[in-house]
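To start, the structure itself, in structure tokens.
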Amino acid sequence: MKVSEWLKKANKLLDTCEYQISIKNGSKPITMSEAKTLNELQVAIGSNHGIKQVKYKEAEATLVEMIAMVQAGQKTPPLMPG
């Protein structure tokens, strides 16, 4: 997966988490579809934790950390430049 594709997918999921937190749903579990996307993003950067329905606040924190690592170039590879 290219860095740009990964960032697009990660930022979209982050936007969803931030929205859910803004409407007071931060303590609710993410959907199974969102959990699969989060897992896919983790696998793409070599950080596989399995598919878990974490809370929106936990997912947001994880995404912020992963995005920072990818933007700093720490996860290229396994991500491809571009």
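Here are a few things to note about the model shown:
- Subtracting the Cα-Cα distance of residue 72 and residue 32 from their residue separation scaled by 0.36 nm leaves 11.5 nm.
- Per residue, the convex hull spanned by the Cα atoms of the chain measures out at 71 cubic angstrom.
- Amide hydrogen neighbours beyond the local backbone of residue 2, cut-off 5 Å, H modeled: 80
- Listed by chain and number, the lysines whose C-alpha is less than 16 Å from the C-alpha of residue 55, apart from same-chain residues fewer than 8 away, are 24, 28, 36.
- Annotation: amide H-H contacts under 5 Å for residue 55 (H modelled 1.01 Å from N, sequence separation of 5 or more, or interchain): 30.
- The apolar share of the surface of the chain, taken as the fraction of accessible area on carbon and sulfur atoms (1.4 Å probe, ligands and nucleic acids excluded), comes to 54 percent.
- Rounded to whole numbers, the Karplus 3J(HN,Hα) couplings from phi for region 17-22 are 4, 5, 5, 4, 5, 5 Hz, using 6.51 cos²θ - 1.76 cosθ + 1.60 with θ = phi - 60°, and x at Gly and Pro.
The values are calculated or read from the model by the stated rules, or taken from the named source; none is laboratory data. Bear in mind that the values here come from a model prediction, so they are computed numbers and not experimental data. Note: areas computed on protein heavy atoms with side chains; ligands, DNA, RNA excluded. Shrake-Rupley method; radii C 1.70, N 1.55, O 1.52, S 1.80 Å.
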